[in-house]
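Below: one structure, written as structure tokens.
The values are calculated or read from the model by the stated rules, or taken from the named source; none is laboratory data. The shown structure was predicted, so the numbers you read here are calculated from the model rather than taken from an experiment. Neighbour counts are summed over all protein chains in view; Cβ atoms, including those assigned to glycine, are modelled from backbone coordinates with ideal geometry.
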């Protein structure tokens, strides 16, 4: 019997497993990443995850007018947030300071249900900093300003490089917008039937959806206490929700400054 509740609850079976996690660590780190992680002053704790299977409510059609499909956007946003919140809850349960290498997975469960998974390796600070330098934890520790474990999609190499310049992850942040593309008139369609021509309603829809998604990503980073976002990527999907629709999804890692440059990154030397 499981009971995830709403939002960031932990599944009961997962909670029982996490209670035994102190016996040994688990991670999805490669051997190279595991070796490099020791140079950051952190250690792996557990391979953590969060999942949400979400039912999508009724989305009223927009007819010919362009604009956001708010019901679809909210469903995609809430399902992703549920998965990430549960990943953070598992990290907190094992006493981790944060999660690195966070990745999101998506799967459709028919026309009206979606599934999101969030996976990553929870890590804990053990002392020191890059290359073993004496680097005391910043005020409040390495967790987020609100006391929750940090999340980051950065791998260990990027995590190390971020530390060496005095910055640190705060939260994996995202923005999403599902947008209906306006339908052009019959006369415009006929004028463009046999010539090269831009489709202005599609061009404008991409701009509008991008700006809405980016504004949400930036607002989420600000709420988390980040000073900026690194590694921003975008994914655009068309026709997933039917004709004349597109989804614009952006994500990245919000970061904050915690000190000054500590060390130079290690050089890769290949013996001859």
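Does residue 147 qualify as being at pLDDT 90 or above, under 20 Å from residue 228 (Cα atoms) and in a loop (DSSP other than H, G, I, E, B)? Lay out the reasoning, then the answer.
On the way: at pLDDT 90 or above: yes; under 20 Å from residue 228 (Cα atoms): yes; in a loop (DSSP other than H, G, I, E, B): yes.
Yes.
Please verify whether residue 96 is part of a loop (DSSP other than H, G, I, E, B), modelled with pLDDT of 90 or more and buried (at least 22 other Cβ atoms within 10 Å of the Cβ), treating the condition exactly as stated. Break it down into steps so the answer makes sense when it comes.
Numbers: part of a loop (DSSP other than H, G, I, E, B): yes; modelled with pLDDT of 90 or more: yes; buried (at least 22 other Cβ atoms within 10 Å of the Cβ): yes.
Yes; evaluated as a whole, the condition is true for this residue.
Mind listing whichever residues of the stretch 207-228 are under 16 Å from residue 70 (Cα atoms) and without any contact (Cβ under 8 Å) to a residue 12 or more places away in the chain?
211
Quick check: is even one residue across the stretch 104-113 at pLDDT 90 or above and in contact with a helix residue (DSSP H, G or I) (Cβ under 8 Å, 6 or more places away or on another chain)?
Scanning the stretch 104-113, I find at least one residue that is at pLDDT 90 or above and in contact with a helix residue (DSSP H, G or I) (Cβ under 8 Å, 6 or more places away or on another chain), so the answer is yes.
On the basis of being more than 15 Å from residue 171 (Cβ to Cβ) and part of a helix (DSSP H, G or I), does residue 65 make the cut? Full working, then the answer.
Details: more than 15 Å from residue 171 (Cβ to Cβ): yes; part of a helix (DSSP H, G or I): no.
When the stated conditions are applied, residue 65 does not pass them.
A quick yes/no check of all residues on (1) touching a strand residue (DSSP E or B) at 6+ places or on another chain (Cβ under 8 Å); (2) modelled with pLDDT under 90:
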| residue | (1), (2) |
| --- | --- |
| 53 | yes, no |
| 64 | no, yes |
| 85 | yes, no |
| 89 | yes, no |
| 92 | no, no |
| 101 | yes, no |
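Checking the conditions here, which among 178, 173 is surrounded by 13 or more Cβ atoms within 10 Å (Cβ to Cβ), under 23 Å from residue 77 (Cα atoms) and modelled with pLDDT of 95 or more?
Details: 178 fails: modelled with pLDDT of 95 or more.
When all the criteria are applied, what remains is 173.
Given the criteria more than 15 Å from residue 174 (Cα to Cα), part of a helix (DSSP H, G or I) and in contact (Cβ under 8 Å) with a residue 12 or more places away in the chain, does residue 79 qualify? Write out each step before concluding.
Values: more than 15 Å from residue 174 (Cα to Cα): no; part of a helix (DSSP H, G or I): yes; in contact (Cβ under 8 Å) with a residue 12 or more places away in the chain: yes.
Considered against the rule, which asks whether it is more than 15 Å from residue 174 (Cα to Cα), part of a helix (DSSP H, G or I) and in contact (Cβ under 8 Å) with a residue 12 or more places away in the chain, residue 79 comes out as no.
Does residue 37 fit the bill of being modelled with pLDDT of 70 or more, touching a helix residue (DSSP H, G or I) at 6+ places or on another chain (Cβ under 8 Å) and either closer than 15 Å to residue 99 by Cβ or in a loop (DSSP other than H, G, I, E, B) (or both)? So that I can check it myself, show each step before the final result.
Details: modelled with pLDDT of 70 or more: yes; touching a helix residue (DSSP H, G or I) at 6+ places or on another chain (Cβ under 8 Å): yes; either closer than 15 Å to residue 99 by Cβ or in a loop (DSSP other than H, G, I, E, B) (or both): yes.
So residue 37 fits the description; yes.
Would you mention how many residues in the stretch 8-34 are at pLDDT 85 or above and either surrounded by 19 or more Cβ atoms within 10 Å (Cβ to Cβ) or on the phi > 0 side of the Ramachandran plot (or both)?
So the answer is 3.
When you scan the stretch 211-231, how many residues do you find that are part of a loop (DSSP other than H, G, I, E, B) and either touching a helix residue (DSSP H, G or I) at 6+ places or on another chain (Cβ under 8 Å) or crowded, with 19+ Cβ neighbours inside 10 Å (or both)? Before the answer, list the steps.
We begin by selecting, within the stretch 211-231, every residue part of a loop (DSSP other than H, G, I, E, B); these are 224-227.
From what is left, the residues that are either touching a helix residue (DSSP H, G or I) at 6+ places or on another chain (Cβ under 8 Å) or crowded, with 19+ Cβ neighbours inside 10 Å (or both) are 224, 226.
Number of matching residues: 2.
If a residue has to be surrounded by fewer than 18 Cβ atoms within 10 Å (Cβ to Cβ), touching a helix residue (DSSP H, G or I) at 6+ places or on another chain (Cβ under 8 Å) and either within 17 Å of residue 247 (Cβ to Cβ) or touching a residue at least 60 places away in the same chain (Cβ under 8 Å) (or both) to count, how many in the stretch 55-65 make the cut?
Going through the stretch 55-65 one residue at a time, the tally reaches 1.
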